[in-house]
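Take a look at the structure set out below.
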Amino acid sequence: MSESPTKPAKYDKTKTILLGFLALVIALGEYTEAVSLINEARENILILFTNDLEYETLGKIHVGNTVAYVEGLVGSPQVSRAIDEDTVANYFYHEKYFLTLFYREDRIAAYVVVPLIEGFQLPVLETDSETFELSEFTYSDYPANPTHYVIDHSKTSSYYMEILDSGRSGLFVNTYIGTTTYGTGDHPKAIADLYEKEVHGSDEEITTLQASLRSNTRPNLFGQGSISLELIEKSLLTAAEFKSYFGTL
C-alpha cells in the first residue's frame with residue numbers, strides 16, 4: 001500500500017513531460033510558419049521596391065552550371081529552340097529582365113541577359129576601383145577589347161554585339177555585350193549608319209563610325225559563355241517573335 005501514491009506521481013510527471021514536448025512541437029511549428037511568412041514578406045518587399053533579389057538570382061548563374069540547378073533558380077523556359085546540332089537556346093521572360101540560357105549536354109554553355117525596365121542595372125563586373133552595371137557604361141568604358149562584332153539593321157531586327165577579349169584570367173569564357181531593340185535604353189541611329197557603311201563604305205568610314213558608336217552607346221545586353229558570337233546572334237529574336245511569344249516589346 002505504501003507504493004500506490006507513487007504511481008499517480010510518476011503518471012503526472014510523464015504527462016507533464018509529454019504536454020511540454022507537445023507544446024514545444026506546436027511552438028516550433030508556429031515559429032517555422034512565422035519565419036516562412038517573414039521571409040515571404042521580405043521577398044515581396046525586395047521585389048516591389050528594389051531589384052536586389054533579381055540581381056542575387058542572376059548572380060548565381062554561371063557557365064558550367066547544371067540545367068537542373070539553374071532551372072531551380074529561374075524556373076522552366078517559356079520558349080526554346082535549337083540553334084545548332086548541340087545547342088538549344090532557352091528563353092526566360094521576367095517582367096524586369098529577359099534571360100537566354102544556352103544548354104549543351106545538360107549544362108549551361110552561355111547566358112545573356114537584357115533589362116526590360118528602366119533602373120534595372122545588373123552588376124556585371126567589379127574591379128578594384130569600380131563596379132560596372134549594365135546600361136550604365138558605354139562600350140568603350142568596359143575594360144576589355146572587342147575581338148570582333150556582328151551587326152544588322154533591317155525591318156525585322158536591329159542589333160550590334162561584340163565579343164570581348166577576356167584574357168587568360170577569363171578561363172576561356174567569352175564575354176558578350178550588345179544593343180538590341182527589345183531592351184531598355186534608346187536604340188541608336190549609329191547602328192543603322194554603321195550597318196550601311198558595312199555594306200557600302202570604306203574601312204576608314206567603318207572604323208570611325210564604330211569608334212563613335214562605342215564611345216556614345218550603352219549596351220543593354222550582357223552575357224558570358226563558351227560559344228561563338230555567331231550563335232548568340234542566331235538566338236536573337238525579332239521584334240515580331242518577341243511580341244508573339246511574350247505579348248509585349
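The values are calculated or read from the model by the stated rules, or taken from the named source; none is laboratory data. Keep in mind that this is a model prediction, so the values were computed, not measured. Reconstructed Cβ throughout: ideal geometry from the backbone, glycine too, with neighbour counts over all protein chains shown. Protein only, heavy atoms only, side chains kept; ligands, DNA and RNA dropped before computing areas. Shrake-Rupley method; radii C 1.70, N 1.55, O 1.52, S 1.80 Å.
In straight Cα distance, which aspartates and glutamates are under 18 Å from Lys155, not counting same-chain residues fewer than 8 positions off?
Reachable aspartates and glutamates: Asp186, Asp193, Glu196, Glu198, Glu233, Glu241.
Rounded to whole Hz and in sequence order, give me ³J(HN,Hα) for the stretch 104-111 from the Karplus expression 6.51 cos²θ - 1.76 cosθ + 1.60, θ = phi - 60°, writing x for Gly and Pro.
Rounded to whole hertz, the list is 9, 6, 6, 9, 7, 8, 6, 8.
What length, rounded to one decimal in nm, is gained on full extension from Glu85 through to Lys189, with 0.36 nm per residue of separation minus their alpha-carbon distance?
The span from Glu85 to Lys189 would gain 33.9 nm if fully extended.
Label points 7 Å out from Cα along the Cβ direction at Glu204 and Thr131: separation in nm?
About 4.5 nm separates the two model spin labels.
With contacts defined as alpha carbon pairs under 8 Å and 6 or more residues apart, what's the relative contact order of the stretch 145-205 in percent?
29
Around Ile108, under 12 Å between beta carbons, what's the net of Lys plus Arg minus Asp minus Glu among the other residues?
Result for the neighbourhood of Ile108: 0.
Heavy-atom accessible area per residue, the stretch 136-249, 1.4 Å probe: how many Å²?
Heavy-atom SASA per residue in the stretch 136-249 reads 52 Å².
Ignoring solvent entirely, what values of log10 I(q)/I(0) come out of the Debye formula for the stretch 97-187 at 0.13, 0.20 Å⁻¹ when each Cα is a single scatterer?
The Debye formula, applied to the Cα set alone, gives -0.50, -1.19.
Taking all protein chains as present, what is the carbon and sulfur share of the accessible area of the stretch 42-183, in % to the nearest whole number, probe 1.4 Å?
48
If Lys and Arg each add +1 and Asp and Glu each add -1, what is the summed charge of the other residues whose beta carbon sits under 11 Å from the beta carbon of Ile83?
Residues close to Ile83 contribute a combined charge of -2.
Quick one: what are the phi-derived ³J(HN,Hα) couplings along the stretch 180-196, Karplus 6.51/-1.76/1.60 with θ = phi - 60°, whole Hz, x for glycine and proline?
The phi angles translate into 10, 7, 9, x, 6, x, 6, 9, x, 5, 4, 5, 5, 5, 5, 4, 4 Hz.
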